[in-house]
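Okay, so here's the structure we're looking at.
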Amino acid sequence: MKLYYAHGACSLAALIAANEVGVALELIRVDIRTIPHILEDGTDLQLVNPKGYVPFLGLDDGDFLTEGVAILQYLNDQRVDAPADQSGRAWYRTQEWLTFIATELHKGFSPWLFHPEYGEQAADVARSRIAERFNFLERHLQADAFLLGAQFSVADAYCFAIARWAPGKGLDLSRWPALSGYLERLEARPSIADALRRHG
């Protein structure tokens, strides 16, 4: 499989998830600072992925997946012990966390990362909203080692990839000791250390 990724982007979560389940991914870097976004060989990303952004997962049979949450779920299902029945409560809890991260954290960073033209007022609103979501995570992580309790999940991979943007945007993670401790523990995992080295 091929993962189209960009340095510092949310595609990091997909590589972490693949590492966790032992799936080898060929990495294809995309320069998202250019318009249009281009691959290492100069190809316009939209010729490969009509949506024009990362992550993008090329499957071995020639099919592909877009959208980070779908890619994370697909990679998670490659586990040897992946349940055949996706109706259990743990599956729904995973969906709950992935949705929270996608809509409340990931998109919350959008005014800073993708729309500087919105100005400082929009950045202030985004900063406040992210801080509120971090308050929620802080309370949760005071009681649980991971988002789903005692076990690492793809939701943790996604949370790590997004929450690490905070210091660069003026959010001091020391305000949330349980959250910052969680992120430090995650960074020490071999799957994440390798992903950071390869993906950046």
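Coordinate-derived values only; no laboratory data. Computed from a predicted structure; not experimentally measured. Because the Cβ atoms are built from the backbone with ideal geometry, glycine has one as well, and the counts that use them run over all protein chains shown.
Tabulated values for the structure
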item: Residue list for region 88-140, filter: in contact with a Leu (Cβ under 8 Å, 6 or more places away or on another chain), under 19 Å from Ser180 (Cβ atoms) and aliphatic (A, V, I, L, M); result: Ile130, Ala131, Leu137
item: Residues of region 59-89 classified as closer than 18 Å to His7 by Cα and assigned to a strand (DSSP E or B), total; result: 1
item: Subset of region 23-53 (residues that are buried (at least 17 other Cβ atoms within 10 Å of the Cβ) and among the hydroxyl-bearing types (Ser, Thr, Tyr)); result: Tyr53
item: Filter result (within 24 Å of Phe109 (Cβ to Cβ) and touching a Leu at 6+ places or on another chain (Cβ under 9 Å)) within region 29-50; result: Arg29, Val30, Asp31, Ile32, Pro36, His37, Ile38, Leu45
item: Tabulated pairs, region 114-125, first in contact (Cβ under 8 Å) with a residue 12 or more places away in the chain, second not aromatic (Phe, Trp, Tyr), C-beta under 7 angstrom, 6+ apart or interchain; result: Ala123/Pro111
